[in-house]
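Each reported figure results from applying straightforward, stated rules to the coordinates on display, with no laboratory input. What you see is a predicted model; the values in this text were computed from it and never measured. Neighbour counts are summed over all protein chains in view; Cβ atoms, including those assigned to glycine, are modelled from backbone coordinates with ideal geometry.
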Amino acid sequence: GESVGLHLPTLSVQEGDNSIINCAYSNSASDYFIWYKQESGKGPQFIIDIRSNMDKRQGQRVTVLLNKTVKHLSLQIAATQPGDSAVYFCAENWGGSARQLTFGSGTQLTVLP
Amino acid sequence: EAQVTQNPRYLITVTGKKLTVTCSQNMNHEYMSWYRQDPGLGLRQIYYSMNVEVTDKGDVPEGYKVSRKEKRNFPLILESPSPNQTSLYFCASSLGQVNTEAFFGQGTRLTVV
């Protein structure tokens, strides 16, 4: 079946560096994507979303890039801070599906001092 | 404050003893859903509801029941819990079922012995 997955289960970056978290999706009909951040002991928290008619969207210190040709999604975090340490999930939704979101398994981001 | 509230946060129970995990949202959202989160498997949808008295199965519904008698509440019921239902459970709500951000509760850590 269709699935959303992540290339790397863990990522360690130095404080102040930029982070890039990748996500591959296989459902070409997906038209909406979200990145969530989950800190230890908490529920997932919305970071940024992007619709399939866009290839880039920027937020505060975060940028999401969508490449529909290769079905790839990435989350870029600028000037990574200790508070960015968390598990990051990408999720997809496709029009016509009554189910809400399909999540990837997550990437653990660790920010090193 | 806009939020999704789950109770309890932690629960240890014995096999076969019926339990209910409550979920309430104060955002007047129509769409609510339940997920379980297991190591290496990410978030998997159990049940979802598109509105009052409208519920449907997600990806892993076996062993669970839900009800949606009021818009704000969406309890998850385990009639006869088994050890394989030991997991971290999240309730989520959103304005619509497609192309909209989901807000998550803080999670319920359930252990069935």
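Counted by Cβ distance under 14 Å from B:ARG9, the other residues give a net charge of +2, where Lys and Arg count +1 and Asp and Glu count -1. Positive-end ranking of A:PHE33, A:THR107, A:ILE21 along the dipole of chain A, with charges on Cβ about the Cα centre, is headed by A:PHE33.
Annotation: extensible slack from B:MET27 through B:LEU41 equals 2.1 nm (criterion: 0.36 nm per residue apart, minus Cα-Cα distance). This model, with +1 at the C-beta of Lys and Arg and -1 at the C-beta of Asp and Glu, gives chain A a dipole about its Cα centre of some 200 debye. In this simple spin-label model, placing a label point 7 Å from the Cα along the Cα-to-Cβ direction at both B:GLN106 and A:GLN14 gives a separation of 3.8 nm. Taking amide H as placed 1.01 Å from N in the peptide plane, the amide H of B:ASP59 sits under 5 Å from that of B:GLN45, B:ILE46, each at least 5 places away or on another chain.
What lysines could a cross-link reach from B:LYS65, if we take a straight Cα to Cα line under 23 Å and drop same-chain neighbours fewer than 8 places away? B:LYS65 reaches B:LYS17, B:LYS18, B:LYS57. Label separation (B:LYS65 vs B:SER80): 1.2 nm, computed from points 7 Å beyond Cα along the C-beta direction. Calculated on the Cα set of the protein assembly as shown, radius of gyration then Dmax: 17.5, 51 Å. Using a Gaussian network model of chain B in which every pair of alpha carbons under 10 angstrom is joined by a spring, one finds that among B:LYS65, B:LYS57, B:LYS18 the greatest mean-square fluctuation is at B:LYS18.
When chain A is treated as a Gaussian network with alpha carbon springs shorter than 10 Å, the biggest mean-square fluctuation among A:GLY59, A:GLY83, A:GLY41 belongs to A:GLY41. Inter-part distance, region B:1-27 to region A:47-99, computed on C-alpha centroids, equals 29 Å. Each Lys and Arg contributes +1 and each Asp and Glu -1, all at the Cβ; summed about the Cα centre of the protein assembly as shown, the dipole is approximately 400 debye. Extending 7 Å from the Cα toward the beta-carbon at both B:VAL54 and B:ILE12 defines two label points whose distance is 4.2 nm. When A:THR102, B:THR55, B:THR22 are sorted by how many other C-beta atoms sit within 10 angstrom of their C-beta, beginning with the fewest, the order is B:THR22, B:THR55, A:THR102.
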